[in-house]
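The values are calculated or read from the model by the stated rules, or taken from the named source; none is laboratory data. The structure displayed is predicted, hence computed values, not measured ones. Ideal geometry is used to build each Cβ from the backbone, glycine not excepted, and the neighbour counts take in all protein chains shown.
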């Protein structure tokens, strides 16, 4: 014979059932909340990653090796007066459906292992031309790109052997004193011989001294060859960043 439950026992069982049901509902709501939060977190992260990668997918940088990064390292070796012109050409292809603008930044420059401080320098090309017997130039065939357009960007290093007119180069920390060179100071547009008889004299007057092109050619020609032989590193290294940004026009 089955045993019948009393009213008190039924009440206890019902209370336990309601408690379990209540806990089950709370657990279900908690699980649903966690899943919703996880979905939103995933959606937010996915959106951020998508936004950050738009430029990479819409713009492509290529040189003779294939697709490259927008951050480039340009190394020039075996530099000497009269050398063959150095050229690096990069094609920037915009696959975007909006107009854009091209620009570049020189992030760093190293000459003979010396890091050149370019902070506050407006025109890098003009600045370097004052100090070194070789020229570094950056040219682009356009700076405004229309939809699905391409720009050709070139980096050139040219070192002519001689010049039709006398040229003088301002001294800086890249140069060392050489007793066989003639040093000059500048007054207006005139360069006057200076008496520099020692490294101490050179260091003291460094900011006001100039060197003729022939001596500057000799100095950098010898120094570049010696530096590369001793270190195995290139004489000149450029660290650059290429930028393509959406235009409002």
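Among the residues of region 229-238, those identified as in a helix (DSSP H, G or I) and free of Cβ contacts under 8 Å to residues at least 40 places away in the same chain are 229, 230. Scan region 83-121 for residues that are assigned to a loop (DSSP other than H, G, I, E, B), in contact (Cβ under 8 Å) with a residue 24 or more places away in the chain, out of contact with any helix residue (DSSP H, G or I) (no Cβ under 7 Å at 6 or more places or on another chain) and farther than 21 Å from residue 233 by Cα and the total you get is 3.
Let's see how each residue does on (1) touching a strand residue (DSSP E or B) at 6+ places or on another chain (Cβ under 6 Å); (2) modelled with pLDDT of 95 or more; (3) within 27 Å of residue 247 (Cα to Cα):
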position	(1), (2), (3)
71	yes, no, yes
89	yes, yes, yes
99	no, no, yes
120	no, no, yes
124	yes, no, yes
131	yes, yes, no
146	no, no, yes
160	no, no, no
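For region 190-209, the condition holds for no residue, the condition being that it is over 23 Å from the mean Cα position of the chain (by Cα), closer than 23 Å to residue 239 by Cβ and surrounded by 15 or more Cβ atoms within 10 Å (Cβ to Cβ). Here residue 62 fits the description: outside any loop (DSSP other than H, G, I, E, B), modelled with pLDDT of 80 or more and not assigned by TED's automatic domain parsing to the domain that holds residue 141. Of the numbered criteria (1) part of a helix (DSSP H, G or I); (2) in contact with a strand residue (DSSP E or B) (Cβ under 7 Å, 6 or more places away or on another chain), the one residue 226 fails is (2).
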